[in-house]
1. What's the number of the condition residue 188 fails, among (1) in contact (Cβ under 8 Å) with a residue 24 or more places away in the chain; (2) under 17 Å from residue 211 (Cβ atoms)?
2. Step by step: first the residues of segment 291-339, then only those that are among the charged types (D, E, K, R) and in a helix (DSSP H, G or I), then the one that is farthest from the ligand (Cβ to nearest atom). Which residue is that?
3. Can you find even one residue in segment 115-137 that is among the aliphatic types (A, V, I, L, M), in contact with a Cys (Cβ under 9 Å, 6 or more places away or on another chain) and within 13 Å of the ligand (Cβ to nearest atom)?
4. Filter segment 6-20 down to residues that are open to solvent by less than 40 Å² (accessible area, probe 1.4 Å) and at pLDDT 95 or above and give me whichever is nearest to residue 123 (Cα to Cα).
5. Mind checking which residues of segment 85-130 are aromatic (Phe, Trp, Tyr) and either open to solvent by 10 Å² or more (accessible area, probe 1.4 Å) or touching a His at 6+ places or on another chain (Cβ under 7 Å) (or both)?
6. Conditions: (1) in a loop (DSSP other than H, G, I, E, B); (2) more than 30 Å from residue 112 (Cβ to Cβ); (3) open to solvent by 30 Å² or more (accessible area, probe 1.4 Å). Residue 79 meets all but one. Number of the miss?
7. For segment 207-216, how many residues are assigned to a loop (DSSP other than H, G, I, E, B) and open to solvent by less than 30 Å² (accessible area, probe 1.4 Å)?
8. With respect to residue 275, is the statement that it is modelled with pLDDT of 95 or more, closer than 18 Å to residue 132 by Cβ, of a type in the set (Ser, Thr, Tyr) and loosely packed, with under 15 Cβ neighbours inside 10 Å true?
Amino acid sequence: MRAAYLIRHGRAEEAFELRDVDVPRCGKHQVLIQVESFGLNFADVMARLGHYRDAPPLPALLGYDVVGRIESVGNAITHLNVGDRVTALTRFGGYAEYALAQGAAAQKIPEDMAPGIAVALATQYCTAYYMAHDIANFQRGDKVLIHAAAGGVGTALVQMALNAGCTIYGTCSSTNKVKYLKAQGVHHTINYMTSDFAEEIERLEGKKKLDTVFDPIGGKSARKGFRLLQAGGKLICYGVSSMNKTRTIFGKLKVLYDFGVYHPVQLLLGAKGITGVNMLKLADENPVKITRSMRGVIKLNVEHKLEPVVGGTFGIEELSKAHAFLESRHSIGKIVVKW
Ligand SMILES: NC(=O)c1ccc[n+]([C@@H]2O[C@H](COP(=O)([O-])OP(=O)(O)OC[C@H]3O[C@@H](n4cnc5c(N)ncnc54)[C@H](OP(=O)(O)O)[C@@H]3O)[C@@H](O)[C@H]2O)c1
């Protein structure tokens, strides 16, 4: 089979090489999928740049989500059969013509579901669903701040918060994305390149008024988000995209320092919470949460209550271009690559 290996950290143009390798063998709890398309996630960009601790060593086969047809099924799997069309979270290995997934992280989808929708539902919508349902537990009227709201996870969170009747503050980095967020129904859009999001929210709402802050940026952004929470509020940290601006160890330490230091008693007295999210860890140690999230988002999509936005479809020969596009901050929604 063909597989697109990351052979070098750095610029997208020089990072990948198509190789012919053996098709992987399916373990007892796994399925083997013949891949139609795979999705890109921001963690792939972090891995390419060498900023992602959990990524496999070079040469590495990246890839967190695929859509395709089941080629073989492990003995322990009962909910899937050969020939089923599925969307799946892969633990790396997605940039290939055949990919393995844990059975718990592969779910059947309608035959006519577009590939971009299917891969968006896997990692990005599952991450958003887990955060919105298991952690934030949205209530009607909640005030929520969603950073990088025009991205893949951001768009998913916006749709889930709107469905729950929340008031949304959505941040992004360009006027084009502001337009997109307004069209998605975001109540208050903030371009955080031209204004300070915390000052803007305090101007509109007053101090300490938010119920949930979703932060994939980290550092100072997370610290400022925590300060905006009212009693009962939660800061959900699920990424450190600001890390990709720095090349030095001191820069990285500065980002970590900028998060701030929090003592449990401080959380207790303020009646606030901070939760970290790592879907790989969940898949390893608590896969039932992944299964529940996947089934949840597929059902809601079939019922037209969640509609992923596909912001770009590329052929395999354009993988570098797709990566550079996601890195550029110009992308909106999901980026998908087809074989
Ligand atoms: N913890 C988990 O298990 C988990 C799972 C999935 C995703 N994530 C995280 O969720 C975030 C969104 O992932 P995604 O795949 O949906 O990507 P995405 O949001 O479609 O793309 C990343 C976006 O991050 C924003 N951004 C902020 N600071 C940035 C910087 N310094 N450099 C580049 N972009 C920056 C950009 O939006 P603006 O230009 O509008 O700022 C960019 O478009 C990422 O941080 C990712 O690591 C975490």
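The values are calculated or read from the model by the stated rules, or taken from the named source; none is laboratory data. Only a predicted model underlies this, so the values are computations on that prediction, with no experimental measurement involved. Don't worry about glycine lacking a Cβ; one is built from the backbone with ideal geometry, like all the others, and counts go over all protein chains shown. Quick note on the areas: whole protein, heavy atoms, side chains included, nothing else; ligands and nucleic acids left out. Shrake-Rupley method; radii C 1.70, N 1.55, O 1.52, S 1.80 Å.
1. Evaluating residue 188 over (1) in contact (Cβ under 8 Å) with a residue 24 or more places away in the chain; (2) under 17 Å from residue 211 (Cβ atoms) leaves (1) as the failure.
2. Residues of segment 291-339 among the charged types (D, E, K, R): 292, 295, 299, 303, 305, 307, 317-318, 321, 327, 329, 334, 338.
Filter once more, so that each one left must be in a helix (DSSP H, G or I): 292, 295, 299, 317-318, 321, 327.
Details: 292: 15, 295: 18, 299: 20, 317: 22, 318: 17, 321: 16, 327: 6 Å.
Ranking the candidates gives 317 first.
3. No, because not a single residue in segment 115-137 is among the aliphatic types (A, V, I, L, M), in contact with a Cys (Cβ under 9 Å, 6 or more places away or on another chain) and within 13 Å of the ligand (Cβ to nearest atom).
4. Filtering segment 6-20 down to residues open to solvent by less than 40 Å² (accessible area, probe 1.4 Å) leaves 6, 10, 12, 15-16.
Then keep just the ones that are at pLDDT 95 or above; that gives 6, 12, 15-16.
On the way: 6: 20, 12: 22, 15: 23, 16: 22 Å.
My answer is 6.
5. Initial filter on segment 85-130 (aromatic (Phe, Trp, Tyr)): 92, 95, 98, 125, 129-130.
Within segment 85-130, 92, 98, 129, 130 meet the criteria.
6. In the conditions (1) in a loop (DSSP other than H, G, I, E, B); (2) more than 30 Å from residue 112 (Cβ to Cβ); (3) open to solvent by 30 Å² or more (accessible area, probe 1.4 Å), residue 79 misses (2) alone.
7. Initially, segment 207-216 is screened for residues assigned to a loop (DSSP other than H, G, I, E, B), giving 207-209, 216.
Going one step further and asking which of them are open to solvent by less than 30 Å² (accessible area, probe 1.4 Å), we end up with 216.
Number satisfying all stated conditions: 1.
8. On the way: modelled with pLDDT of 95 or more: yes; closer than 18 Å to residue 132 by Cβ: yes; of a type in the set (Ser, Thr, Tyr): yes; loosely packed, with under 15 Cβ neighbours inside 10 Å: yes.
Answer is yes for this residue.
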